[in-house]
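First comes the structure, then the notes that go with it.
Where a number appears in this text, it was derived from the coordinates with a stated rule and is not lab data. Remember, predicted model here, so these are calculated numbers, not experimental data. Methodologically, a virtual Cβ is constructed for each residue, glycine included, from the backbone with ideal geometry; neighbour enumeration extends over all protein chains shown.
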Amino acid sequence: AQSVTQPDIHITVSEGASLELRCNYSYGATPYLFWYVQSPGQGLQLLLKYFSGDTLVQGIKGFEAEFKRSQSSFNLRKPSVHWSDAAEYFCAVDPTGNQFYFGTGTSLTVIP
Amino acid sequence: NAGVTQTPKFQVLKTGQSMTLQCAQDMNHEYMSWYRQDPGMGLRLIHYSVGAGITDQGEVPNGYNVSRSTTEDFPLRLLSAAPSQTSVYFCASSPGGLTDTQYFGPGTRLTVL
């Protein structure tokens, strides 16, 4: 079955440490790929998206993601995490341009 | 600019009751959508609209109705609420469709007893 997988339900990192959140998808062709962030009690905000071209995508708040076709992955990274980055992170794909599938999310805790 | 607004913030219903979740946006976006968020399942697309008068089904449309009479408003109707519809509901809008940046409202937490 086609799916979006975020294998890490919860991650804890120290403030200032680097971060990588994993995302894998299982659609035949390369879908449109997204990362959204949800702060507690809030709606979602787009961090970045990939359609084609350069496989390293820069987003807001210092985040970047790398598309790897061979691994069907679109992992999110940040070199130095801030306490304000604590939130829920969702990977999402749109395989056709008119559907949208979110992963189950990764909850990030940042410790001082 | 209020962005995307949703009312109510919280709602408790009894099984079989009907209600409408309201969503409005003031960004003149053509595209609007409804999602539900359940623990451990991420967000799932219920219905979407590409413009006034045009709606289509998403991944989990059963039990929900929508209509789009204006660009600004996209209400979600539950005709006969069921406990399985207990969820947090998010409305979103975007200028250019699902592949464009979606702007989300703050959500409505619905409990069906």
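The table below gives the values:
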{"item": "Relative contact order for chain A, counting Cα pairs under 8 Å that sit 6 or more residues apart, in percent", "result": "37"}
{"item": "Chain A: Cα Rg divided by the 2.2 N^0.38 Å rule of thumb", "result": "1.01"}
{"item": "Chain B: most fluctuating residue of B:55, B:15, B:99 per GNM, C-alpha cutoff 10 Å", "result": "B:99"}
{"item": "Lys, Arg +1 and Asp, Glu -1 on Cβ, resulting dipole of chain B about Cα centre, debye, nearest 20", "result": "460"}
{"item": "Environment charge of residue B:25, counting only residues whose C-beta is closer than 13 Å and scoring Lys/Arg +1, Asp/Glu -1", "result": "-3"}
{"item": "Ranking of A:82, B:47 by count of other Cβ atoms within 10 Å, fewest first", "result": "A:82, B:47"}
{"item": "Farthest positive-ward along the protein assembly as shown dipole, Cα basis, beta-carbon charges - from B:50, A:62, B:34", "result": "B:34"}
{"item": "Volume per residue of the C-alpha convex hull in the protein assembly as shown, rounded to whole Å³", "result": "125"}
{"item": "Separation of alpha-carbon centers, the range B:57-113 and the range A:67-108, rounded to whole Å", "result": "22"}
{"item": "Net charge over other residues, Cβ less than 12 angstrom from the Cβ of residue A:108 (K, R count +1; D, E count -1)", "result": "-4"}
{"item": "Per-residue Cβ neighbour rank within 10 angstrom, fewest leading, B:113, B:76, A:48", "result": "B:113, A:48, B:76"}
{"item": "Fewest-first sequence of B:10, A:74, A:100 by Cβ atoms within 10 Å of each Cβ", "result": "B:10, A:100, A:74"}
{"item": "For the protein assembly as shown, size of Cβ-based charge dipole, Lys and Arg +1, Asp and Glu -1, in debye", "result": "420"}
{"item": "Within a Gaussian network of chain A (alpha carbon springs, distance under 10 Å), most fluctuating of A:38, A:99, A:71", "result": "A:99"}
{"item": "Surface/4 estimate of mean projected area, convex hull on alpha-carbon atoms of the range A:10-60, nm²", "result": "5.1"}
{"item": "Per-selection Kirkwood Rh - chain B (Cα, Å, 1 d.p.)", "result": "13.8"}
